[in-house]
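**Q** This structure is in C-alpha cells; I'll ask about it shortly.
The values are calculated or read from the model by the stated rules, or taken from the named source; none is laboratory data. Because the structure is a prediction, the values reported are computed rather than measured. Note: ideal-geometry Cβ built from the backbone for every residue, glycine included; neighbour counts use all protein chains shown. Ligands, DNA and RNA are excluded from the accessible area calculation, which covers all protein heavy atoms including side chains. Shrake-Rupley method; radii C 1.70, N 1.55, O 1.52, S 1.80 Å.
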Amino acid sequence: MNVLIIGGGGREHAIAWKVRQSVKVGSLFCTPGNAGIMRLCEPVPVKADDFKGLVQFAKRNDVGLTIIGPEAPLCAGIVNEFRNAGMQALGPDSRGAQLEGSKVFAKQFMKRHGIPTAPFETFTDPATALEYVKKKGAPLVVKADGLAAGKGVTVCRTVAEAEQALRDAMEKKVFGDAGREVVIEEMLEGEEASVLALTDGKVIVPLEPAQDHKAVFDQDQGPNTGGMGAYSPAPVVTDTVMREVEAKVLKPTLEGLKKEGMDYRGVIYAGLMIKEGRISVLEYNVRFGDPETQAVLPRLKSDLVDVCLAVTNGRLEKSMLSWDKRAAVCVVMASGGYPGPYHTHLPINGVEKAEAMRSILVFHAGTEMSHGQLVTSGGRVLGVTALGKDIATAIENAYKAVEAVHFPGAHFRWDIGAKAVE
Ligand code: AMP
Ligand code: GLY
C-alpha cells in the first residue's frame, strides 16, 4: 500500500520513520517534507495547501492512507476533500477540527458534555471583556479563539497583563482574525501532561502519556515555544490518573462528538493540568503533538499503518497497541533567537555521528539540503530522541547525542525530562 504524509516537521519525520517500518508500505510520499523526511519519502509535485490537487495525486498514485500532521489543513477541511472523493485520511473533518481551531467551541463543547475544564467566559466586545477582567481580578488566562501558532494564550498574573493581552488580541489584532473572540478563564495550577488518543468514531484508545516543555529556557523560564522537548511515559499520569482521563475526558469527548453528529476518525490530544490526582483539560488538539510524537512513536511496537487503517476504517481495538517498556526523551535543538527572529541556512554537522549512537533517533524539523550540505531552515531544527531503560538513562543518552550535533547559535534546554526524575 502507498502512504501519503502531509507536513514537514519533527512530528512528520517521526511518523514517516515509523510508517517506513511497515512491511505493507510500498511508496511513501510526503509534502512539503524536510531534509530528514525526504531521505525516507518520495516528493509530491503538489503544494501542501492544494487539497484538490493532493486528492488527485493520491488517486493517481494508489495511496491507501493519508496521514495529516498539522492542524491548519485539518481546520481548513483537507479531510472533507478526501472523504468527498471516497478516500480516507487520518484526522477529523473541518467540523471535528473545531476542537482545536476554536477555543470558544472547545470550551463550550466541554461544558455541554461535562468534561472538566477551567471555568470561563467568552467575549467579542473588548470593552465588556476589559470590564470583566477588572471585576474578576488576576490571575487569569486570556485565549484568542482561533489558531495562532501556539501563541494565542496568555497566562496573566496581574490585571494589567490581562488588559494588555485583551488589547493585543482584540484591538491591535496581533493574531489577526483569531483574536476576534476571546476566552477568559481561571488560571489553574499543577503539572501538565499530554494524553494523545486515537478514535475511529466508535472507540477511543489512549497512547502512552507524554510531557512537553513549552517554555524556551530551563526551569520553564522565558516565552512559550512550539515545544522544546518531550518525554514518555509521564509519571504524573499514574494508572489511576489515566483511568480518570479515560472516564472523565476521553469517553465523554467521543460520546459528545457522536451526539453532535461528528464522524471523527483520527487523533484527539488532551492537554491536561493535573493537581493532586485531579484533572482538567486545558486544550484539545486534533492531531499528533509536536514534539510528543517524537517521544511516543519510538515506543510503539505495533505497526502504525495497521493502527491508522483501523482508525480510518472504524475497526480500532485497544489490543492493537503494544508498547516498549523503555522510556523515550526528545531534546529539541532550536535556532538561536527562537521563538523570536532567527537566522536560517546555517550548516549543521554531526547528525550522522549522533545517529550512529546506540538507541538514538534524530528527527529533522527545520532542515533542508543546500549544495549537498544540511542547513537550518526553521526555528526548531532537530529533535534528538533517545530510548533508555528509564527516563534518567534516556536523558543521559539524549544529551550525549545532542553534544555531537553542531550548528551556529544552536540552543536547547538542559532539563528535558528532569521533572520526571525528581
Ligand atoms: P493551550 O494552547 O490552551 O494549551 O495553552 C498553552 C499553555 O498555556 C498551556 O500549555 C498552559 O501552560 C497554559 N495554560 C492554558 N490554560 C491555562 C489555565 N487555565 N491555567 C494555567 N495555565 C494555562
Ligand atoms: N506540543 C504541543 C503541541 O503539539 O501543540
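**Q** Going through the range 182-192 one residue at a time, which ones are more than 16 Å from ligand 2 (Cβ to nearest atom) and either over 20 Å from Arg278 (Cβ atoms) or open to solvent by 40 Å² or more (accessible area, probe 1.4 Å) (or both)?
**A** Those that are more than 16 Å from ligand 2 (Cβ to nearest atom) and either over 20 Å from Arg278 (Cβ atoms) or open to solvent by 40 Å² or more (accessible area, probe 1.4 Å) (or both): Val182, Val183, Ile184, Glu186, Leu188, Glu189, Gly190.
**Q** For the range 49-76, name all the residues that are under 23 Å from Ser22 (Cβ atoms), among the small types (Gly, Ala, Ser) and surrounded by fewer than 23 Cβ atoms within 10 Å (Cβ to Cβ).
**A** Gly64
**Q** Where the second residue is part of a helix (DSSP H, G or I) and crowded, with 16+ Cβ neighbours inside 10 Å and the first is at positive phi and lies in the range 161-182, which pairs have Cβ atoms under 7 Å and are six or more apart or on separate chains?
**A** Sorted first by the residue in the range 161-182, then by its partner, the pairs are Lys173/Gly179.
**Q** Test Val249 against the stated conditions and say whether it is buried (at least 22 other Cβ atoms within 10 Å of the Cβ), within 16 Å of ligand 1 (Cβ to nearest atom) and in a strand (DSSP E or B).
**A** Against the criterion (buried (at least 22 other Cβ atoms within 10 Å of the Cβ), within 16 Å of ligand 1 (Cβ to nearest atom) and in a strand (DSSP E or B)), Val249 does not qualify.
**Q** State whether one or more residues within the range 13-25 are away from ligand 1 (no atom under 16 Å from the Cβ), open to solvent by less than 40 Å² (accessible area, probe 1.4 Å) and either modelled with pLDDT under 95 or farther than 29 Å from Val331 by Cβ (or both).
**A** no
**Q** Another one. Against the definition (more than 16 Å from ligand 2 (Cβ to nearest atom) and either modelled with pLDDT of 95 or more or not basic (Lys, Arg) (or both)), how does Val249 come out, yes or no?
**A** Taking the combined requirement at face value, the residue satisfies it.
**Q** Here is a further query. Can you tell me which of (1) of a type in the set (Val, Ile, Thr); (2) in contact with a helix residue (DSSP H, G or I) (Cβ under 9 Å, 6 or more places away or on another chain); (3) in contact (Cβ under 8 Å) with a residue 12 or more places away in the chain is the one Val241 doesn't meet?
**A** Condition (2) is where Val241 drops out.
**Q** Hey, another quick one. Out of the residues in the range 208-230 that are in a strand (DSSP E or B) and more than 13 Å from the chain's Cα centre (by Cα), which is nearest to ligand 1 (Cβ to nearest atom)?
**A** Asn224
**Q** State yes or no: is Lys143 farther than 30 Å from Ser319 by Cα, touching a Lys or Arg at 6+ places or on another chain (Cβ under 6 Å) and either in a strand (DSSP E or B) or at pLDDT below 95 (or both)?
**A** So Lys143 passes the test.
**Q** Among the residues of the range 211-222, is there at least one that is within 30 Å of Glu317 (Cα to Cα) and open to solvent by less than 70 Å² (accessible area, probe 1.4 Å)?
**A** Within the range 211-222, one or more residues are within 30 Å of Glu317 (Cα to Cα) and open to solvent by less than 70 Å² (accessible area, probe 1.4 Å).
**Q** Continuing with this model, one more query. Quickly run through the range 289-311 and pick out the residues that are free of Cβ contacts under 8 Å to residues at least 24 places away in the same chain and open to solvent by 60 Å² or more (accessible area, probe 1.4 Å).
**A** Hit for the range 289-311 is Lys301, nothing else.
**Q** Being more than 24 Å from Asp324 (Cα to Cα) and of a type in the set (Phe, Trp, Tyr) is the filter here; which residues of the range 383-418 pass it?
**A** Scanning the range 383-418 gives Phe407, Phe412, Trp414.
**Q** Name every residue in the range 171-211 that is touching a strand residue (DSSP E or B) at 6+ places or on another chain (Cβ under 7 Å), β-branched (Val, Ile, Thr) and farther than 25 Å from Thr158 by Cα, in order of residue number.
**A** Val195, Thr199, Ile204, Val205 - these are the residues of the range 171-211 that are touching a strand residue (DSSP E or B) at 6+ places or on another chain (Cβ under 7 Å), β-branched (Val, Ile, Thr) and farther than 25 Å from Thr158 by Cα.
**Q** Check off (1) assigned to a helix (DSSP H, G or I); (2) open to solvent by 30 Å² or more (accessible area, probe 1.4 Å) for Val79 and give me the number that stays unchecked.
**A** (2)
**Q** Would you check if there is a residue in the range 389-412 being free of Cβ contacts under 8 Å to residues at least 12 places away in the same chain and within 20 Å of Phe217 (Cα to Cα)?
**A** yes
**Q** Within the range 260-282, identify whether any single residue is on the phi < 0 side of the Ramachandran plot, away from ligand 2 (no atom under 13 Å from the Cβ) and of a type in the set (Phe, Trp, Tyr), and answer yes or no.
**A** Checked against the condition, which is being on the phi < 0 side of the Ramachandran plot, away from ligand 2 (no atom under 13 Å from the Cβ) and of a type in the set (Phe, Trp, Tyr), the range 260-282 yields at least one hit.
**Q** Starting from the range 148-159, take each residue that is on the phi > 0 side of the Ramachandran plot and list its partners that are within 11 Å of ligand 2 (Cβ to nearest atom) and not in a loop (DSSP other than H, G, I, E, B), counting only C-beta distances under 9 angstrom and pairs at least six apart or across chains.
**A** Pairs found: Gly150/Asn224.
**Q** Looking only at residues in the range 275-292 that are at pLDDT 95 or above and either in a strand (DSSP E or B) or near ligand 1 (Cβ under 9 Å from one of its atoms) (or both), which one is nearest to Leu140 (Cα to Cα)?
**A** Within the range 275-292, the match that is nearest to Leu140 (Cα to Cα) is Leu282.
**Q** Let me ask you something else. Name the one entry in Val133, Val195, Val155, Val205 that is assigned to a strand (DSSP E or B), away from ligand 2 (no atom under 16 Å from the Cβ) and either open to solvent by 60 Å² or more (accessible area, probe 1.4 Å) or out of contact with any His (no Cβ under 8 Å at 6 or more places or on another chain) (or both).
**A** Sole residue among the options that is assigned to a strand (DSSP E or B), away from ligand 2 (no atom under 16 Å from the Cβ) and either open to solvent by 60 Å² or more (accessible area, probe 1.4 Å) or out of contact with any His (no Cβ under 8 Å at 6 or more places or on another chain) (or both): Val205.
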